[in-house]
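Quick notes on the structure that follows.
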Amino acid sequence: MIVHQLLSGAGPVDAVTGQARAYRRLFGEWGWGGEDRAAYLAPGLDGGIRALRGFRAAPGDVLLFHYSAYAPKLRALLDAPNRKLLVSHNVTPARYLWDYEAAVAIHCAVGRARCRSSPAASTSPPASRSTTPPSCATPGPAARP
């Protein structure tokens, strides 16, 4: 099986990148291939995850999206005919970021709005499964730095 992980952004110390790396280690143990790509790469990232530029998935490949903020560069891949999985990382409410990272706050605000309007956010799982559908719009507790 080929599973490509696609991230909004990747950095040297963030939890989303850490989770993608942990998934890739497991995928390797299971004999699964694939690439890890991100729309934005933060300075200091030490390999393993490459820029999204030039990425192409084969028709049978699975696309696993780590959704943590709006990333317009991922739009075409969201529209691709491949099977897709969404890992929602509960996009941070913009109000926690305005004073520190206004550009990131904008991406979070748009990301939360897009996630709420996405068909994936409102689709229930098949009746035979006992999982809960993903919710991108439910904020968790957050402390202001």
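The values are calculated or read from the model by the stated rules, or taken from the named source; none is laboratory data. Keep in mind the model is a prediction, meaning the values are calculated, not measured. Please note: Cβ atoms are built from the backbone with ideal geometry, for glycine as well, and neighbour counts cover all protein chains shown.
Of 48, 60, 31, all but one fail to be surrounded by fewer than 11 Cβ atoms within 10 Å (Cβ to Cβ) and on the phi > 0 side of the Ramachandran plot; the exception is 31. Taking the listed residues 96, 67, the one that is at pLDDT 65 or above and surrounded by 12 or more Cβ atoms within 10 Å (Cβ to Cβ) is 67, with no other qualifying.
Yes/no matrix, rows are residues, columns are (1) of a type in the set (Phe, Trp, Tyr); (2) assigned to a strand (DSSP E or B); (3) over 12 Å from the mean Cα position of the chain (by Cα); (4) closer than 25 Å to residue 104 by Cα:
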position: 6; (1), (2), (3), (4): no, yes, no, yes
position: 17; (1), (2), (3), (4): no, no, no, yes
position: 22; (1), (2), (3), (4): no, no, yes, yes
position: 26; (1), (2), (3), (4): no, no, yes, no
position: 31; (1), (2), (3), (4): no, no, yes, no
position: 56; (1), (2), (3), (4): no, no, yes, no
position: 81; (1), (2), (3), (4): no, no, yes, no
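Criterion applied to 36, 61 was being within 16 Å of residue 86 (Cα to Cα), more than 13 Å from the chain's Cα centre (by Cα) and of a type outside the set (Phe, Trp, Tyr), and the one residue passing it is 61.
Pairing residues of segment 31-57 that are farther than 16 Å from residue 2 by Cβ and modelled with pLDDT of 90 or more with residues that are of a type in the set (Phe, Trp, Tyr) and part of a strand (DSSP E or B), at Cβ distances under 9 Å and at least 6 apart in sequence or on separate chains, gives 51/40; 52/40.
Among the residues of segment 22-47, count how many are of a type in the set (Lys, Arg) and out of contact with any strand residue (DSSP E or B) (no Cβ under 8 Å at 6 or more places or on another chain). Talk me through it step by step, then tell me what you get.
Quick first cut of segment 22-47, residues of a type in the set (Lys, Arg) only: 24-25, 37.
If we keep only those that are out of contact with any strand residue (DSSP E or B) (no Cβ under 8 Å at 6 or more places or on another chain) too, we end up with 25.
Residues meeting the conditions: 1.
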